[in-house]
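Let me begin by presenting the structure, written as structure tokens, before commenting on it.
The values are calculated or read from the model by the stated rules, or taken from the named source; none is laboratory data. Since we're looking at a predicted model, the values are computed, not measured. When we count neighbours, we look across all protein chains shown, and the Cβ atoms used for this are built from the backbone with ideal geometry, even at glycine.
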Amino acid sequence: MSETKLGGQFTFRGTSLTVHRIGYGAMQLAGPGVWGPPKDQDGAVAVLREAVAAGVNHIDTSDYYGPHVTNQIIRQALHPYLAGLVIVTKLGARRPPDKSWQPAISPEDLTAGVHDNLRNLGLDALDIVNYRVLGSGHGPEEGSIAQQVSALADLRRNGLIRHIGLSNVTASQVAEAQAITDIVCVQNNYNLASRHDDALIDDMARQGIAYVPFFPLGGFTPLQSSTLSHVAGRLGATPMQVALAWLLHRSPNILLIPGTSSVAHLRENLAAGQLTLSPETQAELDGIAAAPIGVPH
Ligand SMILES: NC(=O)c1ccc[n+]([C@@H]2O[C@H](COP(=O)([O-])OP(=O)(O)OC[C@H]3O[C@@H](n4cnc5c(N)ncnc54)[C@H](OP(=O)(O)O)[C@@H]3O)[C@@H](O)[C@H]2O)c1
């Protein structure tokens, strides 16, 4: 296997879990608004099978996508799972019938969430569970997460969870959690245009902890920038491939989980690992964060 296949490899700190740096985020497999079944169930299954056939061995999900739908599609498409496939899920929310996102953070909620994931994925233990702080929807907010992390640490001692990560957190919340248990990954909103976590990424890199950006392509508001388009044209790539390649070059602890419901987009995203960006191009792309997104620059 080529060392650069799917962006190379990363081993989660203190674990035996090694994944390619380009993985797959399954949220787009649920229906509109991350609710209900997809319009094209066979298409969703095909995306997952194509990803794994191409070597993807890191899939991000949650039982609250759908709810339950995304995990059930993963199970339908991929169970029994290939050895080495790492499925990372997250807890901290529930979806009532009004389709909203509500916190589910008591020890009982978290325990029930683990069992939902185990049942719907068809697993006996979960490789990595992120505690996702819901907050007010405007990014990470300070506040103790000790109770929830302690509950996950108990579930880990009981063997239902192998490793713990965090999502939508501040640097001080990471430190608070690390005083309770080992943290193997942090999943926050980060991309070419949204770079609030630059210092946190560098700190996680120093510690060997994976940083897994959600919305690597801009999420519900896809990245658009004339600089990005210009660089893509010059390299004979697409803007989304350049956005992913920029993340791979940004720091060796960054793992990608771009989401797509399309096999064509999946192939395009996986090929981003072949792109090499010169230091000059990387610096040119760094300039995007300094300018308002969507405005020509
Ligand atoms: N921890 C958290 O709070 C959190 C929050 C959000 C997401 N996540 C995780 O992070 C993963 C990634 O986030 P995301 O899926 O929301 O956002 P994303 O990866 O930034 O972008 C996904 C969007 O980009 C489109 N897309 C994908 N590849 C493309 C391509 N090559 N060309 C053009 N458009 C493309 C997708 O549409 P098509 O389906 O048409 O390709 C979709 O609309 C999710 O799947 C989920 O697992 C975690």
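General remarks:
- Qualifying residue in the stretch 239-247 (condition: within 14 Å of the ligand (Cβ to nearest atom), part of a loop (DSSP other than H, G, I, E, B) and touching a residue at least 60 places away in the same chain (Cβ under 8 Å)): no
- Test: residue in the stretch 195-213 that is closer than 20 Å to Gly14 by Cβ, among the polar types (S, T, N, Q) and within 16 Å of the chain's Cα centre (by Cα): no
- 1 or more residues away from the ligand (no atom under 16 Å from the Cβ), in contact with an Asp or Glu (Cβ under 7 Å, 6 or more places away or on another chain) and of a type outside the set (S, T, N, Q): qualifying helices (runs of 4 or more DSSP H) within the stretch 143-215: 146-157, 171-178
- Among the residues of this structure, Pro97 does not count as one that is outside any helix (DSSP H, G or I), within 12 Å of the ligand (Cβ to nearest atom) and out of contact with any Ser or Thr (no Cβ under 6 Å at 6 or more places or on another chain).
- Residues of the stretch 222-238 that are free of Cβ contacts under 8 Å to residues at least 40 places away in the same chain and near the ligand (Cβ under 9 Å from one of its atoms): Pro222, Thr238.
- Only one entry of Ala171, Ala151, Ala175, Ala179 meets the criterion of being over 17 Å from Val114 (Cβ atoms) and in contact with a Leu (Cβ under 8 Å, 6 or more places away or on another chain), and that entry is Ala171.
- For the stretch 44-77, the tally of residues that are in a helix (DSSP H, G or I), in contact (Cβ under 8 Å) with a residue 60 or more places away in the chain and not hydrophobic (A, V, I, L, M, F, W, C) stands at 1.
- Among the residues of the stretch 34-47, those that are within 12 Å of the ligand (Cβ to nearest atom) and either modelled with pLDDT of 95 or more or in contact with a helix residue (DSSP H, G or I) (Cβ under 7 Å, 6 or more places away or on another chain) (or both) comprise Val34, Pro38, Asp40, Gly43, Ala44, Val47.
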